[in-house]
C-alpha cells in the first residue's frame, strides 16, 4: 500500500469508475496519494485497485438508472471524509433515430447523462460552500457542443449538462467552487461496447441515421487516438490550477470539431442580425 500524505491529500468522488476514463481518473488520483471514492455498478470491478491502494480507495455501489437516488452514498462518503473534487463521469450513448426510441429509452438516457449529474452536484455544493471551495468536473463530450444524426438524446443530455454547469458555475463562483466541463473526443475506452442501439426501422435504413448507425457499429476502439491516462492527467492538473478553464477539450479531434461548429454558428448568427433587430418597437 502506498505511503499516505494526509496533510495534502484530497478526496475525489468519481462516478462510473469501473472502466474507461472514470477508472483512469481514479487510478491517477490514487497514484498521487489522494483519497478516492469510486462508484460502480459492481464493486468487484475495482478489487484490483482496492488491493493495491488499500484505505485510499473506497468503492461504492451506485446505479444511476432511473429512479436516481444518490443521498445514501453521498451521506456515507461525506461522513468518512469531506469531498474536494466531484467527477460526474458515468454515462452511455443511445444510438438510432429519435422516432425509433421508446419513452423508457429516452428517459433513461437523459436521467443518466443529465439528471444524475445534477443531483450529485447539488448533493455536494453545500459542503463545498461551507468549507470554502471545491471542484466539480463534468465529463461531457465534443457532443456537448456539436451534433450528428442518431445521437439526439445523447446530445440532449450533454448539451444540457454543459448549460447547467455553466449556469451553476456562475452561481457558486463567489464560494470558490469551480466547474470544469471536459469534452473528450474519440477515446480508447469501452465506451463503444457500451453503446445501446434502437431497433432499426426500414424508413431510416438508407438515411443519414442508418449511415451513422453502420459507422458506429464498424468503429474499432484501436483507431481512436485519445489516451484515457493522458486525459486523466490533464484533468488532475486542471484541479491544481487556481483558475481552471470552464471548458477543457480533450483531444485535437474535439478541439477542431468544436471550433468548426462554433465558427459556423457565429457566421449563421451574423446573417440574422437584421432579422433580430427588426422585432423591436419603433422609436
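The values are calculated or read from the model by the stated rules, or taken from the named source; none is laboratory data. These figures come from a predicted structure and were not determined experimentally. Cβ: placed from backbone, ideal geometry, glycine included. Neighbour counts: every protein chain shown.
To keep it simple, each residue is scored yes or no on (1) at pLDDT 95 or above; (2) under 17 Å from the mean Cα position of the chain (by Cα); (3) part of a strand (DSSP E or B).
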site	(1), (2), (3)
182	yes, yes, yes
189	no, yes, no
210	no, no, no
215	no, no, no
236	yes, yes, no
259	yes, no, no
266	yes, no, no
274	yes, no, no
282	no, no, no
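Evaluation of residue 96 against the conditions (1) without any contact (Cβ under 8 Å) to a residue 60 or more places away in the chain; (2) closer than 27 Å to residue 217 by Cβ shows that the sole unmet condition is (1).
Cβ separations smaller than 6 Å between residues 6+ apart or across chains give the following pairs from the range 260-277 residues that are within 23 Å of residue 148 (Cβ to Cβ) to residues that are surrounded by 10 or more Cβ atoms within 10 Å (Cβ to Cβ) and at pLDDT 95 or above: 261/145; 261/146. Please work out if residue 169 is more than 15 Å from the chain's Cα centre (by Cα), under 17 Å from residue 235 (Cβ atoms) and assigned to a helix (DSSP H, G or I). Yes; evaluated as a whole, the condition is true for this residue. Just for the range 136-152: of the residues that are over 14 Å from the mean Cα position of the chain (by Cα) and surrounded by 22 or more Cβ atoms within 10 Å (Cβ to Cβ), which one is farthest from residue 12 (Cα to Cα)? If we take residues in the range 136-152 being over 14 Å from the mean Cα position of the chain (by Cα) and surrounded by 22 or more Cβ atoms within 10 Å (Cβ to Cβ), then 150 is farthest from residue 12 (Cα to Cα). Selection within the range 33-48: residues that are free of Cβ contacts under 8 Å to residues at least 24 places away in the same chain and farther than 24 Å from residue 110 by Cβ. The member of this set that is surrounded by the fewest Cβ atoms within 10 Å (Cβ to Cβ) is 48. Residues that are at pLDDT 95 or above, crowded, with 18+ Cβ neighbours inside 10 Å and either more than 21 Å from the chain's Cα centre (by Cα) or part of a strand (DSSP E or B) (or both) occur in the range 66-86; there is at least one. All of (1) free of Cβ contacts under 8 Å to residues at least 24 places away in the same chain; (2) closer than 30 Å to residue 210 by Cβ hold for residue 161 with one exception: (1).
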